[in-house]
1. Of the conditions (1) in a helix (DSSP H, G or I); (2) closer than 28 Å to Tyr92 by Cβ; (3) touching a helix residue (DSSP H, G or I) at 6+ places or on another chain (Cβ under 6 Å), Ile142 satisfies every one except a single condition; which number is it?
2. Quick one: in segment 211-238, of everything that is within 30 Å of Pro163 (Cα to Cα) and of a type in the set (S, T, N, Q), which residue is farthest from the chain's Cα centre (by Cα)?
3. Could you check segment 208-227 and list, in sequence order, the residues that are at negative phi and surrounded by fewer than 21 Cβ atoms within 10 Å (Cβ to Cβ)?
4. Please give the helices (runs of 4 or more DSSP H) falling wholly within segment 224-315 in which 2 or more residues are farther than 28 Å from Asn148 by Cβ and in the same structural domain as Ala209 (by TED's automatic domain parsing).
5. Picking from Glu294, Glu283, which residue would you name as being free of Cβ contacts under 8 Å to residues at least 24 places away in the same chain and more than 21 Å from Val189 (Cβ to Cβ)?
6. Does segment 89-111 include one or more residues that are under 15 Å from the mean Cα position of the chain (by Cα) and either surrounded by fewer than 24 Cβ atoms within 10 Å (Cβ to Cβ) or not in a strand (DSSP E or B) (or both)?
Amino acid sequence: MKEFVNQGDNDTRSGFGAGLLELGKSNHNIVALCADLTGSLKMNEFKNEFPERFFQIGIAEANMMGIAAGMTIGGKIPFTGTFANFSTGRVYDQIRQSIAYSNKNVKICASHAGVTLGEDGATHQILEDIGLMKMLPGMTVINTCDYNQTKAATIAIAKYKGPVYLRFGRPKVPNFTPINQDFNIGKGVKLIEGSDVTIVATGHLVWEAIDCAKKLKNEGISAELINIHTIKPLDKNIILESVSKTNCIVSAEEHNVVGGLGESISSLLVKNNLSPMEFVGVEDSFGESGTPQELMRKYQLTSENIYLKCKKVISRK
């Protein structure tokens, strides 16, 4: 089994900040807009380096989306930044009408997603954003797992023509993917080859799934692990090829099981290869205040929970 080395814990939002700064140096059409959370989104370095291309909109997220849509008409590539809750739920109408419907080239970059936002609680956490965004026609939805992948994704979406939702988080998590990786939108990454069960994970739960795969291996169970960083468009081939070998699958995500990655996979399997499936995710509830670690445990988003679902789905074959 391949070993994954933690290069040091870092937050994925810093990967976004680093990628945005690199883009600013290479492409003068890159502009950044923020809704009064410049530090939280790690956009300060871009702001300091390119003040003429940074726009502080204030606590006016709907206005920010409208301004960003307008900027694309002049050939600019706007990156908006605020918390995931305010990037989606608060401004859904503006995104639908001004960005998605007219296929504007706006990059909606959203930090502090999921329950790992922590102590700020349910009003600031969001567990529905992937579902909201993937339902918009033409919207690309990306959910990255570590610093390196977030930086690579930030750079990659600038070259992609069309609206993108890029989701990342607040806490420090293991950084284990390659430093100078190629980020291919819409292509999953097979991290571990296996034959007994397929695990498809996204975001912060990829590292948890790696831990789970190690535990299963110690019991003689061969898990195939796929990192799905692009929720939409979904890499159907990599999932179907894996399930054709293992005949069962577990999805793992820091999101509501309603509307998330698992739901997209289950729809795929119903149409192509009906197989036993189990879901690791938040079971249709809001979050609450607590440390990220406490909330991951309470809402059953840990490697142990993935392990238990793997054992269960194998028994259903």
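1. Answer for Ile142: the failing condition is (1).
2. Narrowing segment 211-238 to residues within 30 Å of Pro163 (Cα to Cα): 225-238.
Restricting the remaining residues to those that are of a type in the set (S, T, N, Q) gives 227, 230, 237.
Working: Asn227: 11, Thr230: 7, Asn237: 20 Å.
Filtering first and then ranking leaves Asn237.
3. As a first pass, look at segment 208-227 and keep what is at negative phi: 208-219, 221-227.
If the condition is that a residue be at negative phi and surrounded by fewer than 21 Cβ atoms within 10 Å (Cβ to Cβ), then Asp211, Lys214, Lys215, Lys217, Asn218, Glu219, Ile221, Ser222 are the ones that fit.
4. Numbers: elements: 236-246, 261-272, 292-298, 303-315.
Ranges flagged: 236-246, 261-272, 303-315.
5. Numbers: Glu283 fails: free of Cβ contacts under 8 Å to residues at least 24 places away in the same chain.
Result of the check over Glu294, Glu283: Glu294.
6. Filtering segment 89-111 down to residues under 15 Å from the mean Cα position of the chain (by Cα) leaves 107-111.
Now restrict to residues that are either surrounded by fewer than 24 Cβ atoms within 10 Å (Cβ to Cβ) or not in a strand (DSSP E or B) (or both): none.
Scanning segment 89-111, I find no residue that is under 15 Å from the mean Cα position of the chain (by Cα) and either surrounded by fewer than 24 Cβ atoms within 10 Å (Cβ to Cβ) or not in a strand (DSSP E or B) (or both), so the answer is no.
Residues checked against (1) among the aliphatic types (A, V, I, L, M); (2) assigned to a loop (DSSP other than H, G, I, E, B); (3) at pLDDT 95 or above; (4) within 30 Å of Gly194 (Cα to Cα):
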residue: Glu3; (1), (2), (3), (4): no, yes, no, yes
residue: Gly8; (1), (2), (3), (4): no, yes, no, yes
residue: Arg13; (1), (2), (3), (4): no, no, yes, no
residue: Leu33; (1), (2), (3), (4): yes, no, yes, no
residue: Gly39; (1), (2), (3), (4): no, yes, yes, no
residue: Glu52; (1), (2), (3), (4): no, no, yes, no
residue: Gly66; (1), (2), (3), (4): no, no, yes, no
residue: Gly75; (1), (2), (3), (4): no, yes, yes, no
residue: Gly81; (1), (2), (3), (4): no, no, yes, no
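Table: residues versus (1) in contact with a Pro (Cβ under 7 Å, 6 or more places away or on another chain); (2) within 18 Å of Phe168 (Cα to Cα); (3) free of Cβ contacts under 8 Å to residues at least 60 places away in the same chain.
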| residue | (1), (2), (3) |
| --- | --- |
| Gln7 | no, no, no |
| Gly19 | no, yes, no |
| Ala35 | no, yes, yes |
| Gly39 | no, yes, yes |
| Glu49 | no, no, yes |
| Ile77 | no, no, no |
| Gly89 | no, yes, yes |
| Lys104 | yes, no, yes |
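The values are calculated or read from the model by the stated rules, or taken from the named source; none is laboratory data. This is a predicted model, so every value here is computed, not measured. No Cβ is skipped: glycine too gets one built from the backbone with ideal geometry, and neighbour counts run over all protein chains shown.
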